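S.K.: I'd like to ask you about the structure that follows.
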Amino acid sequence: MSSKTKTLEVTTLVSILLLAACSGPAGDGRSPATNEAVERESEMSRDPHSYARPDEVAVSHLDLDLTVDFERHVLRGRASLALDNKRGATELHLDTRQLDVERVTLDDAAAAVDFVLGEEDPILGRELVVPIDAATRVVHVDYATRPEAAALQWLAPAQTAGRHPFLFTQSQAILARTWVPCQDTPAVRMTYDATVRVPPALMAVMSAENPTARNDDGVYRFRMPQPIPSYLLALAVGDLAFAELGPRTGVYAEPPLIERAAYEFAETEDMMTAVEKLYGPYRWGRYDLLVLPPSFPFGGMENPRLTFATPTIIAGDRSLTALVAHELAHSWSGNLVTNATWNDFWLNEGFTVYLEQRIMEAVKGRDYAEMLASLSLQDLEQAIDELEPRDTHLYLDLAGRDPDEGMTDVPYNKGYFFLRMIEETVGRERFDPFLRGWFEKNAFHSRTTADFVAYLRRELVAGDAGLEKELMIDAWVYGPGLPPNVPRVHSARFDRVDGELARFRDGAPAAELATEGWTTHEWLRFLRGLPDELPAPRMAELDEAFGFTASGNSEILHAWLHHVIRNRYEPAYPTLEHFLKTVGRRKFLKPLYERLAETEEGKAWAREIYAQARPGYHAVSSSTIDEILDWQG
Ligand SMILES: [Zn+2]
């Protein structure tokens, strides 16, 4: 089936659900049976980014057996998929991309079956159709990945902190299919077991129960007893050390980094306690972090039991650990209750930013959390300015596009402010149990935006016409930009920063500004508030007073580098070049390359740097930068 037809089906189904959900207080008048039917139907709504047909037959368990070949940059082995055949389906439709499928067998049969690989779609990859019958329990797929598989990043020893090669995966949004043939949609959940064979000097870890030490034969066995969607499948292989943080928490990193990592993330157990108090027990056993080499394209990835994190948050002073709060919060929003399609991405990210804020408030206090909220609002307003209006709705329309395009500030920060607005309107005494109930009632299920809106109207609005009007739910979820009831953020600490900024603009020397005790966030406020145009002596003065070019804090350095580019501040050019060549985090790279590409001269230099840096970036980052620099592989 072509993706276009599927898109139509999904759109129709969604409109039906929307109609059902938007019929106002009707929600609570519905019989439980009808509600269940709507919920069931919504869970089966087809995902425009997958060939799978889980409403017919769903994969309930995955058994992986993989050998990691660092010389050829290939994973080779077998994926055995256990089926829940709901309607006696005679075909299993799987997602694959950049995979070499060698052989497919059913159950214990030795004979191979004739499978069909569909045409290549540049975004979705190739559909794999396997003939089955109603009695088929397990489909075994023997396959190998390609060196260019988009989820996999193979790092040479020079790209790591140590002397060994490294491999890590990034499956979100639809890249799991580039290393495992699967139903690559967040609407399907499966448990998994895996056997992974690696060179004996290295250790393997997954989003599963993990070893804490290397073994001698290089064979690692994993078990993931909780059902997860495919985008949370994760594997990393490298020279890894482990350090305990608390009774349930720990950190993995390359040996040269492990001590700094353990210091930086020491507050993880406290965060866990804070979030459990609000949203109920942590359901995944252990929570560990894995610090990856700097080419990791994201800040963090919430792979269950083992968050993958960028080393750029190791600042030495625990000032960037809100990211840990964020990834930890995903253990509830995202991993426990999952967006059913990537159009519902805000259900993962908006909820997570909201939880992150609550954790940070509990651990560091309200005035600290308000600085974070204020920076988020600034990011969001800028994103809304730059995006097409349709892409500023909470409920996105990503059919026919790479779901990565939906990863903007909108699902994260507009989602956060929507939930905060509801919280402030009804009060925490009502909002907290409401949110906790959402996680408890929907644990280990995938949900759509319409499901949440229906739950909100049923449980919180409950027919109160005044409240319905006040919340402006439809404007937030199905409309552009920011509705007028957006919460007010007030940070007294930022007011003081703004005062110093005004003095600087009026000519006060940088060295005379009152900056004592400023945290990273105050520095970010300051850097973002500086005038766009700064003459070279003023740039030099700032640099001398505050040491921005030499900053070991990636966020501060990144904010400073914008001024460096804009004002052609040459003393910092070597630092800029080094940053672009060593850091692979897309959040930093994208705006810097965009800034460079604003001038002819800047773009030419950016292309020179990129030619050297590109092989060290993950495909998630390089596909974004390719576009900015008109790069043809
Ligand atoms: Zn997130």
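S.K.: Can you tell me how much longer the chain between ARG286 and LEU467 gets when fully stretched, taken as 0.36 nm per residue apart minus their C-alpha distance, in nm with one decimal? Each step should come with its number before you reach the end.
M.R.: Details: separation 181, 0.36 × 181 = 65.16 nm, distance 4.03 nm.
61.1 nm is the gain from fully extending ARG286 to LEU467.
S.K.: Starting from the 7 Å offset along Cα-to-Cβ, what nm value, one decimal, do you get for the label separation of ALA536 and ASP217?
M.R.: Each label point lies 7 Å from its Cα, and together they span 6.6 nm.
S.K.: Leaving out same-chain residues fewer than 8 places away, which lysines sit with a Cα under 26 Å from that of LYS86?
M.R.: Within reach: LYS4, LYS6, LYS441.
S.K.: If you count, for each residue, the other Cβ atoms within 10 Å and average over each peptide, how do 65-77, 198-210, 486-498 line up from highest to lowest? Intermediate results must be reported in sequence, preceding the final value.
M.R.: On the way: 65-77: 17.5, 198-210: 20.8, 486-498: 15.5.
Descending packing order for the listed peptides: 198-210, 65-77, 486-498.
S.K.: Can you pull out the GluC sites (Glu not before Pro) in region 506-546 that DSSP calls coil and that have at most 10 other Cβ atoms within 10 Å? Present the calculation step by step, with values, prior to reporting the outcome.
M.R.: Details: sites: GLU512, GLU516, GLU522, GLU533, GLU541, GLU544; in loops: GLU516, GLU533.
Passing both the DSSP loop test and the Cβ count: GLU516, GLU533.
S.K.: Sticking with this one: State log₁₀ I(q)/I(0) for the chain at q = 0.07 Å⁻¹ as given by the Debye formula over alpha-carbon point scatterers of equal weight, solvent excluded.
M.R.: -0.45
S.K.: With only Lys, Arg, Asp and Glu charged, each at its Cβ (+1 for the first two, -1 for the last two), find how big the charge dipole of region 58-329 is about the Cα centre; round to the nearest 20 debye.
M.R.: Numbers: 24 positive and 37 negative charges, 63 e Å.
The dipole of region 58-329 has a size of about 300 debye.
S.K.: Ok, one more. In nm, what is the difference between 0.36 nm times the number of residues separating LYS277 and SER60 and their Cα-Cα distance?
M.R.: Working: separation 217, 0.36 × 217 = 78.12 nm, distance 3.15 nm.
In short, 75.0 nm is gained.
S.K.: Out of all DSSP beta bridges in the chain, what portion is antiparallel? Express it as a percent rounded to 5.
M.R.: Details: 60 of 79 bridges.
Roughly 75 percent of the beta bridges in the chain run antiparallel, per DSSP.
S.K.: Can you tally the net charge around ALA149? Count Lys and Arg as +1, Asp and Glu as -1, for every other residue whose Cβ sits under 15 Å from the Cβ of ALA149.
M.R.: Details: positive: ARG72, ARG76, ARG97, ARG126, ARG146, ARG177; negative: ASP69, ASP95, ASP100, GLU120, GLU148, ASP184.
Charge balance in the 15 Å sphere: 0.
S.K.: I'd like to compare 305-316, 92-103: which one has the highest average count of other Cβ atoms within 10 Å, and what's the full order after that?
M.R.: On the way: 305-316: 22.6, 92-103: 20.8.
Answer by packing, highest mean first, reads 305-316, 92-103.
S.K.: Which value at 222 nm does the chain reach when only helices count, each DSSP H run of 4 or more adding -39,500 (n - 2.57), with the total divided by all residues and rounded to the nearest 500 deg cm²/dmol? Before the final figure, lay out the partial values.
M.R.: Values: 21 runs with 245 residues, N = 633.
It lands at -12000 deg cm²/dmol.
S.K.: Also, quick follow-up: By Kyte-Doolittle mean hydropathy of at least -1.0 and Cα axial length of at least 24 Å, which whole DSSP H helices of the chain are selected? Display every interim value, and only then the final one.
M.R.: Details: long enough: 3-22 (27 Å, 1.12); 345-364 (28 Å, 0.03); 366-386 (30 Å, -0.40).
Correct list, ordered by number: 3-22, 345-364, 366-386.
S.K.: Further question on the same structure: Mind giving me the nanometre distance, one decimal, between the label points for ALA135 and LEU387, set 7 Å out from Cα along Cα→Cβ?
M.R.: Going from the ALA135 label point to the LEU387 one covers 5.2 nm.
S.K.: Once you have the Cα-Cα distance between LYS590 and GLU91, take 0.36 nm times their residue separation minus that, and quote the gain in nm to one decimal.
M.R.: Working: separation 499, 0.36 × 499 = 179.64 nm, distance 4.18 nm.
So the chain would gain 175.5 nm between LYS590 and GLU91.
S.K.: Pick out, from PRO281, GLY77, ASN303, the residue whose Cα sits farthest towards the positive end of the charge dipole of region 58-329, with +1 on the Cβ of Lys and Arg and -1 on the Cβ of Asp and Glu.
M.R.: So the residue furthest toward the plus end is PRO281.
S.K.: Also, I was wondering about something else. Have a look at PHE588, PRO574, TRP605 and report the one farthest towards the positive end of the charge dipole of region 558-611, computed about the Cα centre with Cβ charges (Lys/Arg +1, Asp/Glu -1).
M.R.: So the residue we want is PHE588.
S.K.: Expressed as cubic angstrom per residue, what is the convex hull volume of the alpha carbon set of region 369-484?
M.R.: Values: hull volume 14.3 nm³, N = 116.
Once divided by residue count, the hull of region 369-484 is 124 Å³.
S.K.: Continuing with this model, one more query. What is the log10 of I(q)/I(0) for region 237-377, computed with the Debye formula using one identical point scatterer on each Cα and no solvent, at q = 0.11, 0.15, 0.17 Å⁻¹?
M.R.: -0.38, -0.72, -0.93
S.K.: Treating cross-link reach as a plain straight distance, find the lysines whose alpha-carbon is under 18 Å from the alpha-carbon of LYS364, omitting any fewer than eight places away in the same chain.
M.R.: Reachable lysines: LYS277.
S.K.: Let me ask something additional. Could you pull out which residues in region 599-627 have an amide N less than 19 Å from a spot 7 Å beyond the Cα of TYR573, following the Cα-Cβ vector?
M.R.: The answer is 599-613.
S.K.: Follow-up. Once you charge only the Cβ atoms, +1 for Lys and Arg and -1 for Asp and Glu, what is the size of the charge dipole of region 492-628 about its Cα centre, to the nearest 20 debye?
M.R.: Numbers: 18 positive and 22 negative charges, 108 e Å.
I would put it at about 520 debye.
S.K.: According to a simple spin-label model (label point 7 Å from Cα along Cα-to-Cβ), what is the distance in nm between VAL113 and ALA492?
M.R.: Simple spin-label model gives 6.8 nm for this pair.
S.K.: Run the dipole for the chain about the Cα centre, Lys and Arg Cβ at +1, Asp and Glu Cβ at -1, nothing else charged, and hand back the magnitude in debye, nearest 20.
M.R.: 720 debye
Here, each number is a calculation from the coordinates, and none is a lab measurement. Note that this is a predicted model, so its numbers are computed, not measured. No Cβ is skipped: glycine too gets one built from the backbone with ideal geometry, and neighbour counts run over all protein chains shown.
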